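Trainee: Here it is, the structure, as structure tokens.
Computed from the coordinates by the stated procedures, all read-outs in this text should not be read as laboratory data. Source: prediction; values computed, not measured. Cβ: placed from backbone, ideal geometry, glycine included. Neighbour counts: every protein chain shown.
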Ligand SMILES: [Zn+2]
């Protein structure tokens, strides 16, 4: 008598459902589903979903930062076991598929792959509130990087421990505003490139501050860093880009503002550019502080020069023809 592989048997909804966490790895979700349904061996559920095509499933794979890639037939079986429609499940689980589909797409298949550089642990305090405190792994790019409930920044990789931001609410607000900025345009890559530019400028001002020109910003950043360090055990772990995020978002909002882009694109002389620097100083909360923002080697001045060199002619032309332009 031949024993049929488990994936040959019809899939049926398991008695207990598990709510997927946004960005969760497929393996993390499958193992939690198996644990909730008290399957002694979580790999039994994996073997019921599909045929492993490269290696044998191991119950410790989730701890060793592996994920399982499913072809469509296997995803459909997982959705049935989970009792959640596949479309709905896919909204939470990124479920990257195998690089090439199985030769026979009708055969549900599993492919195991190491994913340590793309994944991290879900918010430890959220996990602690789930019965059994399960292991929950998420893809950094698909999961929220900040837990609003616990005011924890969760980092972007396995090696980054969470940072408690409760003493610097302006960073949390800036994360929210930055995300809103990304959603505000149909071209998030364009927004992203300007957020990166603003970030590079702020990081340069933080790392190589002019003792005279940037002293107010430096003082503010030092105070913010001290406040974050006071509520964290590992003070060196707050990345600079997070420390300067409130100012980064303010500058990014100005760099993408169509009115300012046009005005600075058309400003031939330094004194015509002055309102732009004044506006930035004002938005950063430093009235009357503009000196130095437009000195030759300042990174903001370099952006202005580059922007003008790239768009000067376009703005002159569109200004005459009243055509909106970026
Ligand atoms: Zn949390």
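Trainee: To the nearest 500 deg cm²/dmol, what mean residue ellipticity at 222 nm is calculated for the chain from DSSP H runs of n ≥ 4 alone, each contributing -39,500 (n - 2.57), summed and divided by the residues? Spell out each step's value before the answer.
Mentor: On the way: 13 runs with 154 residues, N = 326.
About -14500 deg cm²/dmol.
Trainee: Once the piece of chain linking residue 3 and residue 72 is laid out straight, how much longer is it, given 0.36 nm per residue of separation minus the C-alpha distance between them?
Mentor: Details: separation 69, 0.36 × 69 = 24.84 nm, distance 2.46 nm.
Gain in length upon complete extension: 22.4 nm.
Trainee: Another question, if that's okay. Between the helical axis of 245-255 and the dominant principal axis of the chain, each derived from Cα atoms, what acute angle in degrees is found, rounded to the nearest 10?
Mentor: 60
Trainee: Pairing the Cα long axis of helix 270-283 with the longest principal axis of the chain, what angle in degrees results, from 0 to 90 and rounded to the nearest 10?
Mentor: Around 50 degrees separate the two axes.
Trainee: Could you calculate the FRET efficiency of residue 22 with residue 314 from 1/(1 + (r/R0)^6), where r is the beta carbon distance between them and R0 is 35 Å, rounded to 0.05?
Mentor: Details: r = 40 Å, r/R0 = 1.15.
Rounded to the nearest 0.05, the efficiency is 0.30.
Trainee: Additional query: Could you work out how far helix 72-82 tilts from the main Cα principal axis of the chain, as a 0 to 90 degree angle to the nearest 10?
Mentor: 80
Trainee: How far, in nm, would the chain grow between residue 241 and residue 218 when pulled straight, counting 0.36 nm per residue and subtracting the alpha carbon separation?
Mentor: Details: separation 23, 0.36 × 23 = 8.28 nm, distance 1.40 nm.
Full extension from residue 241 to residue 218 adds 6.9 nm.
Trainee: Given a cut-off of under 8 Å on Cα pairs at least six residues apart, what relative contact order in percent is computed for region 123-227? The partial results should precede the final answer.
Mentor: Working: 58 pairs, mean separation 14.6, N = 105.
Rounded, it is 14 percent for region 123-227.
Trainee: Give the calculated FRET efficiency between residue 286 and residue 59 to the nearest 0.05, with a Förster radius of 51 Å applied to their Cβ-Cβ distance. Spell out each step's value before the answer.
Mentor: On the way: r = 57 Å, r/R0 = 1.12.
Efficiency, from the Cβ-Cβ distance: 0.35.
Trainee: What relative contact order, as a whole-number percentage, does the chain give when Cα pairs under 8 Å and 6 or more residues apart are counted? Before the final figure, lay out each step's value.
Mentor: Working: 424 pairs, mean separation 41.8, N = 326.
Relative contact order of the chain: 13 percent.
Trainee: Any idea how far apart residue 156 and residue 186 come out in nm if each label point goes 7 Å out from Cα toward Cβ?
Mentor: About 2.8 nm, to one decimal.
Trainee: Provide, in order from the shortest bin, the percent of all Cα-Cα pairs of the chain in each 20 Å bin, continuing until the bin that contains the maximum pair distance.
Mentor: Calculated P(r), rounded to whole percents: 26, 41, 27, 6, 0.
Trainee: Take the alpha-carbon positions of region 1-155, form their convex hull, and give its projected area averaged over all directions (one quarter of the hull surface) in nm².
Mentor: Details: hull surface 38.4 nm².
Averaged projected hull area, Cα only: 9.6 nm².
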